[in-house]
Amino acid sequence: SIKRIKRTADECRRRLIDHTNEHVNRIERKLNSLGERLKQIRQDSEFNEIDLKELKEQLTELDEALKTPLNVSVEQERASFIDKIS
């Protein structure tokens, strides 16, 4: 029973870590895209106030996404936990 409980806990931990990594990777891709856009604008020397405002808003959104905790919930399966152990 203890081994099964540990196995279930390990799987839950792994799923949470995977979910967290996916979240961080999404933010990282958005940040990289934003950085590429910023490089392109800088190379073209075409900064304008509208671009700066939009870039600032996107950075603020990314900052909030990193600060906001993930929305994680625990779902109870239809099968009883006791049935899993036995």
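The values are calculated or read from the model by the stated rules, or taken from the named source; none is laboratory data. All values derive from a computational prediction rather than experimental measurement. Please note: Cβ atoms are built from the backbone with ideal geometry, for glycine as well, and neighbour counts cover all protein chains shown.
Does any residue of the stretch 51-62 turn out to be farther than 19 Å from S73 by Cα, modelled with pLDDT under 90 and within 12 Å of the chain's Cα centre (by Cα)? Yes, some residue in the stretch 51-62 is farther than 19 Å from S73 by Cα, modelled with pLDDT under 90 and within 12 Å of the chain's Cα centre (by Cα). R14 fulfils the conditions (1) modelled with pLDDT of 90 or more; (2) within 22 Å of E64 (Cα to Cα); (3) not acidic (D, E) except for a single criterion, (2).
Selection of the stretch 29-53 for residues being under 30 Å from N71 (Cα atoms) and surrounded by 13 or more Cβ atoms within 10 Å (Cβ to Cβ) yields K30, L31, L34, R37.
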